[in-house]
Each structure stands twice: as C-alpha cells, then as structure tokens.
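Notes for the one structure printed next.
The values are calculated or read from the model by the stated rules, or taken from the named source; none is laboratory data. Quick caveat: nothing in here was measured; it's all calculated off a predicted structure. Heads up, the Cβs are rebuilt from the backbone with ideal geometry, glycines too, and the neighbour counts pull from every protein chain shown.
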Amino acid sequence: MTNTNPKTLHKINIFVSSPGDVSEERRRVKAVIDRLGQQEHIKPQLQLNPLLWEVVPPEGGKSPQAVIDKYLGEAGKADIYLCILWHRMGTPTTNAQGESFRSGTECEFFSSYRANQATSKPFVLLYHCQRAE
C-alpha cells in the first residue's frame with residue numbers, strides 16, 4: 001500500500017555547542033526548540049531534535065569529545081549548528097583524526113564550518129552571550 005499522505009515528517013537535528021559558562025542560555029535554547037516543535041504549524045511536518053551534551057552519559061577511558069561525538073554525532077553532520085559563547089572557550093581536546101583544539105566547542109565549530117563550506121550544511125549560527133556579569 002502506498003502512502004498517499006503528502007505530509008512527511010522531517011527530522012531536524014540541532015547541535016547546540018558551547019562551553020559550560022552559558023548553562024542558562026543552553027537551557028533556554030532547549031526550551032525554545034521544544035516549544036517550537038509543539039507548534040501546530042510545525043509539529044505535523046518537522047521533528048526538532050536538540051542535540052545537547054547534558055544528555056550524554058559519561059564514559060571512562062574516552063575523551064569527553066569522543067563520547068559526545070559517539071552519542072550526538074559529529075556537529076558537522078547536524079542540520080543546524082548553534083554555538084553560544086561568552087567568557088570561556090572550554091577544555092582542550094582532540095578529534096577522531098587527532099587534530100588538537102582549544103576546546104570541544106572549537107572542535108565542533110570547525111567540524112560544522114568545514115562541512116558547511118563543502119556542502120552548505122549544517123546551517124551555522126554563532127551567538128555571543130550579552131548578559132551582565
């Protein structure tokens with residue numbers, strides 16, 4: 001039997017990248033994504049899937065970035081890459097190819113930027129936190 005329903009649910013992966021000093025902004029981003037995903041004009045067509053490191057279980061013997069990549073996928077493979085920066089950059093790390101980065105956030109940014117330059121995906125959004133100290 002062929003599906004004659006013209007509406008197809010599309011999954012949109014939104015990789016949220018940042019160091020730990022913007023935890024409130026990350027919480028708000030997730031709340032907005034969840035709220036948008038429930039809107040009547042969005043819900044039947046799009047499944048908005050926030051990818052956040054807070055939901056990744058810790059694993060001993062692996063770098064935090066390797067664990068994030070394992071559970072969330074590489075940032076460059078998402079549909080949208082959303083980065084929030086403020087004062088911190090994060091903790092130094094390396095990627096699966098052995099490249100060194102000043103932080104996981106920087107690693108994720110370069111993964112997304114390189115993919116965007118090659119394929120126009122993911123859509124890259126970069127924000128700087130403007131709240132008072």
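Can you name the residue in segment 73-132 that is among the aromatic types (F, W, Y) and under 17 Å from N13 (Cα atoms) and is also surrounded by the fewest Cβ atoms within 10 Å (Cβ to Cβ) among such residues?
F123
Tally up the residues in segment 20-47 that are exposed (fewer than 14 other Cβ atoms within 10 Å of the Cβ) and of a type in the set (D, E), please.
3
With (1) surrounded by 13 or more Cβ atoms within 10 Å (Cβ to Cβ); (2) at pLDDT 90 or above as the list, and E54 as the residue in question, which single condition is left unmet?
Evaluating E54 over (1) surrounded by 13 or more Cβ atoms within 10 Å (Cβ to Cβ); (2) at pLDDT 90 or above leaves (1) as the failure.
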